[in-house]
Amino acid sequence: MELKLISSSDIAVFVDGLLKAGKVVVAPVLKQSGKVFFKPVQSFAEVATDYIQTAFSAKEVVFPKVEELFTYQHNEEGGLDIKDHLDRIPETVVWGLRPCDAAGFDYLNKFFLQENPDAYFKARYDKTTLVTMSCNKCDASCFCTSVDSHPGDTKGSDILLTAMDDKFYVEVMTEKGNILINSNSALFTSTDTLSKEAFLAKPLTHFSMDEIKDKIQNAYASVEWKQASMGCFSCGACAFACPTCTCFDIQDEGTQDHGKRVRCWDACGLSQFTKHSSGHNPRNTQTERRRQRLMHKFKYSVENLGVVSCVGCGRCIRVCPSHLNIFENIQSVTK
Amino acid sequence: MDTNQYIPYQVRIADIIDEAPLVRTYKLEFTDPSANFTFKAGQFAEYGVFGEGESTFCIASSPTREGYIECTFRSSGRVTKALSNCEINDIIGLRGPFGKPFPIEEWYGKDIVFITGGIGLPPLRCVIWNVLDQREKFGKVSIYYGARTVADLVYKEELENWKNRPDVDLFLTVDPGGETKDWKDNVGFVPTIIEQNLPSSKNAIAIVAGPPILIKMSMPILAKCGFANDKIFTTLENRMKCGVGKCGHCTVGKTYVCKDGPVFTYEEVLQMPQEY
């Protein structure tokens, strides 16, 4: 790991340099609604710097909301020309994501590549560099410290920046991170290890992960699931905002002769998600669907991949129109 | 990364057989002779009509019959409706084979009891022909099959064939009221017919597929016959999209039906939450 410093005033020079070098830079941008979203930017001037959390995670960069799997076109031999377009994916830098989101990428990486590697995710992930920004503030929905993370966590990041007064402390974690720094190395100076503690937010710890991991073993039959799912509209917003939700649908757009096949985000909380064409629905009630969502994050993920698939970003809590709260629910069902 | 599991093979519909109301069998040939598609009994595929989408069903032909595959499906949703409107020589998409097959090699020397109903026969037909094509490797073979009505029985010609074979015991039945005037076989639900015949569980394997109610009603009778739960096999059919353990639709607890199954022993099924 390389340790560097960069002065706050040079950050804009660095980011604009990446843009000039032809990279796509996806960064937090303040919208008129007052919410901050990840968007490709043309200049550092567009980048929001004062925000707790973006409304959606940056997972779209490696797992787009709607992703073309291939195009197909009728050919003269009576068959179809089928092509994916993985060669069109640009070099991308995600700028200013939070450590929880970077931890989300770490999970996505395990999920998509550990078994039956996913060609689309891999193509995008390989071309993506993550420049994470430590959190200097948080809100009541943040709970990263409950899920094995913290506001200065380097997990999943290629580079972690921590604002320290008039400069940024730069932890370069990977080769991808090195390449990015070396693209304008004159802006950086080397440093010894510095303590980040004084510059980091202090989120509340709501629960002990060790205790949850233990008690969730018997949580399936809990009577609390009903309460934990009451009010759920089955809107799927929690899954769409989540940095680790990976469920998708596959749809065709076009005619029999030409068009494309796409995959698009889906959500286990939606009532049609598991419905058979016979009408039979294995998870027929919202209680069963809410249980699936939480059991997947805290139990099934651990069994399949060895990690909890919740990073404590709090987006599902902020976005829920019915004020369902994952850290309250997970505690009630494991009481 | 050399494989992209979302790019389908292109297959030509070489033959169409109308099996029963809304149920058709397609014989499919690969347009690319170098496709080198091999599979094992119990695996499934994603069949796609371009512009409409993909639908999941088992490969209904036996891997012992090379050069083509067959699928049998009921027209019920958007994709299967579009699929049933296809004609001979149309090109459709095919992805697969996916999933864990039946452990047929472990059954050599054993009696095999097949139990199924209605549109549950196609996933077992693959295994039945796989067994019958190497008949000498297995003990007694019995098939319990029923449908709501005589018209709903699929593979009618093959049922005749099995009935006439001295090395197969076929117990054919239709639900009460589903019989025709010249129906000579059983009338009654499949579990009732099993109970009347009580197949021996000694050195035997039972394979059950079909509507959930058939599975549910057959299990106590198989237990009565002495079949241990790990000697009973079934194939689960949850909704699927990707077929490779990613899209999340088919999960039952931590289990992905697509990659951990679709073939499970009844013992394995009993460990899962009842979300199938």
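Residue by residue, here is whether (1) within 15 Å of residue B:126 (Cα to Cα); (2) of a type outside the set (A, V, I, L, M, F, W, C); (3) assigned to a helix (DSSP H, G or I); (4) at pLDDT below 95 holds:
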site: B:2; (1), (2), (3), (4): no, yes, no, yes
site: B:14; (1), (2), (3), (4): no, no, no, no
site: B:25; (1), (2), (3), (4): yes, yes, no, no
site: B:32; (1), (2), (3), (4): no, yes, no, yes
site: B:37; (1), (2), (3), (4): no, no, no, yes
site: B:55; (1), (2), (3), (4): no, yes, no, no
site: B:61; (1), (2), (3), (4): yes, yes, no, yes
site: B:72; (1), (2), (3), (4): yes, yes, no, no
site: B:86; (1), (2), (3), (4): no, no, no, no
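Being within 24 Å of residue B:72 (Cα to Cα), in a loop (DSSP other than H, G, I, E, B) and among the basic types (Lys, Arg) is the filter here; which residues of region B:156-209 pass it? If the condition is that a residue be within 24 Å of residue B:72 (Cα to Cα), in a loop (DSSP other than H, G, I, E, B) and among the basic types (Lys, Arg), then B:165 is the only one that fits.
Got a sec? Which of A:118, A:87, A:81, A:101 is within 11 Å of chain B (Cβ to nearest Cβ) and over 25 Å from residue B:258 (Cα atoms)?
A:81
Counting the residues of region A:25-53 that are of a type in the set (Ser, Thr, Tyr) and at pLDDT 95 or above gives 1.
Here is a check on your reading of the model: is residue A:10 under 30 Å from residue A:319 (Cα atoms) and part of a helix (DSSP H, G or I)? Spelling it out, it is not the case that residue A:10 is under 30 Å from residue A:319 (Cα atoms) and part of a helix (DSSP H, G or I). Of all residues in region A:85-94, one or more are outside any helix (DSSP H, G or I), within 30 Å of residue B:89 (Cα to Cα) and of a type outside the set (Ser, Thr, Tyr).
Suppose we filter B:224, B:184, B:216 for residues that are free of Cβ contacts under 8 Å to residues at least 60 places away in the same chain, surrounded by fewer than 14 Cβ atoms within 10 Å (Cβ to Cβ) and within 14 Å of chain A (Cβ to nearest Cβ); which single one remains? Spell out how you get there, then give the answer.
On the way: B:224 fails: within 14 Å of chain A (Cβ to nearest Cβ); B:184 fails: within 14 Å of chain A (Cβ to nearest Cβ).
Being free of Cβ contacts under 8 Å to residues at least 60 places away in the same chain, surrounded by fewer than 14 Cβ atoms within 10 Å (Cβ to Cβ) and within 14 Å of chain A (Cβ to nearest Cβ) holds for just one of B:224, B:184, B:216, which is B:216.
The numbered conditions (1) buried (at least 22 other Cβ atoms within 10 Å of the Cβ); (2) part of a helix (DSSP H, G or I); (3) over 21 Å from the mean Cα position of the chain (by Cα) are all true for residue A:296 except (3). When residues in region A:63-75 are screened for being within 13 Å of another protein chain (Cβ to nearest Cβ) and of a type in the set (D, E, K, R), 2 of them pass.
Here is a check on your reading of the model: is residue A:307 over 30 Å from residue A:79 (Cβ atoms), within 20 Å of the chain's Cα centre (by Cα) and more than 12 Å from chain B (Cβ to nearest Cβ)? Talk me through it step by step, then tell me what you get.
Values: over 30 Å from residue A:79 (Cβ atoms): yes; within 20 Å of the chain's Cα centre (by Cα): yes; more than 12 Å from chain B (Cβ to nearest Cβ): yes.
Yes.
Yes/no per residue for (1) touching an Asp or Glu at 6+ places or on another chain (Cβ under 9 Å); (2) in contact (Cβ under 8 Å) with a residue 24 or more places away in the chain:
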| site | (1), (2) |
| --- | --- |
| A:61 | no, yes |
| A:83 | no, no |
| A:99 | yes, yes |
| A:106 | no, yes |
| A:119 | yes, yes |
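Does residue B:259 satisfy the condition of being surrounded by 22 or more Cβ atoms within 10 Å (Cβ to Cβ), of a type in the set (Lys, Arg) and in contact (Cβ under 8 Å) with a residue 12 or more places away in the chain? Criteria not met by residue B:259.
Residues of region B:102-118 include at least one that is outside any strand (DSSP E or B), within 27 Å of residue B:250 (Cα to Cα) and modelled with pLDDT under 95.
With respect to being in contact with a strand residue (DSSP E or B) (Cβ under 9 Å, 6 or more places away or on another chain) and buried (at least 17 other Cβ atoms within 10 Å of the Cβ), residue B:197 falls outside the description. Counting just the residues of region B:59-72 that are under 15 Å from residue B:235 (Cβ atoms) and of a type in the set (A, V, I, L, M, F, W, C), which one comes out surrounded by the most Cβ atoms within 10 Å (Cβ to Cβ)? Among them, the one singled out is B:59. Scanning region A:119-137 for residues that are surrounded by 17 or more Cβ atoms within 10 Å (Cβ to Cβ), of a type in the set (Val, Ile, Thr) and more than 28 Å from residue A:23 (Cβ to Cβ) turns up nothing.
List the helices (runs of 4 or more DSSP H) inside region B:210-276, counting only whole elements, that have at least 1 residues being over 21 Å from residue A:296 (Cβ atoms). Give the derivation first.
On the way: elements: B:212-225, B:257-260, B:266-271.
Helices (runs of 4 or more DSSP H) meeting the threshold: B:212-225, B:266-271.
How many residues are farther than 17 Å from residue B:124 by Cβ and touching a residue at least 40 places away in the same chain (Cβ under 8 Å) when one looks only at region B:141-181? Summing the residues that are farther than 17 Å from residue B:124 by Cβ and touching a residue at least 40 places away in the same chain (Cβ under 8 Å) in region B:141-181 gives 1. Looking across region B:233-251, the residues that are at negative phi and either of a type in the set (Gly, Ala, Ser) or within 7 Å of chain A (Cβ to nearest Cβ) (or both) come down to B:238, B:239, B:241, B:242, B:244, B:246, B:247, B:249. Selection of region B:110-140 for residues being surrounded by fewer than 20 Cβ atoms within 10 Å (Cβ to Cβ) and either over 22 Å from residue B:17 (Cβ atoms) or in contact with a His (Cβ under 8 Å, 6 or more places away or on another chain) (or both) yields B:110, B:111, B:134, B:135, B:136, B:137, B:138, B:139, B:140. The number of residues in region B:104-129 being within 23 Å of residue B:56 (Cβ to Cβ) and more than 12 Å from the chain's Cα centre (by Cα) comes to 1.
So for region A:213-231 (the condition being in contact (Cβ under 8 Å) with a residue 60 or more places away in the chain, on the phi > 0 side of the Ramachandran plot and in contact with a Cys (Cβ under 9 Å, 6 or more places away or on another chain)), does at least one residue qualify?
Taking region A:213-231 as the starting set, the residues that turn out to be in contact (Cβ under 8 Å) with a residue 60 or more places away in the chain are A:213, A:215-217, A:219-220, A:222, A:224-229, A:231.
Applying the additional criterion that residues be on the phi > 0 side of the Ramachandran plot yields A:231.
If we keep only those that are in contact with a Cys (Cβ under 9 Å, 6 or more places away or on another chain) too, we end up with A:231.
So far as region A:213-231 goes, yes, one or more of its residues are in contact (Cβ under 8 Å) with a residue 60 or more places away in the chain, on the phi > 0 side of the Ramachandran plot and in contact with a Cys (Cβ under 9 Å, 6 or more places away or on another chain).
Looking across region A:254-296, the residues that are facing chain B (nearest Cβ under 7 Å) and of a type in the set (Lys, Arg) come down to A:275, A:283. Among the residues of region A:225-255, those identified as closer than 18 Å to residue A:310 by Cβ, in a helix (DSSP H, G or I) and not small (Gly, Ala, Ser) are A:225, A:238, A:240. With respect to the conditions (1) touching a strand residue (DSSP E or B) at 6+ places or on another chain (Cβ under 9 Å); (2) under 27 Å from residue B:110 (Cα atoms), residue B:160 lacks only one, and its number is (1). Scan A:157, A:141, A:185 and give me the residue that is among the hydroxyl-bearing types (Ser, Thr, Tyr), more than 14 Å from chain B (Cβ to nearest Cβ) and over 29 Å from residue A:66 (Cα atoms). Answer to the check: A:185.
The values are calculated or read from the model by the stated rules, or taken from the named source; none is laboratory data. All values reported here derive from a predicted model rather than from experimental measurement. So basically every Cβ, Gly included, is an ideal-geometry build from the backbone, and we count neighbours across all protein chains shown.
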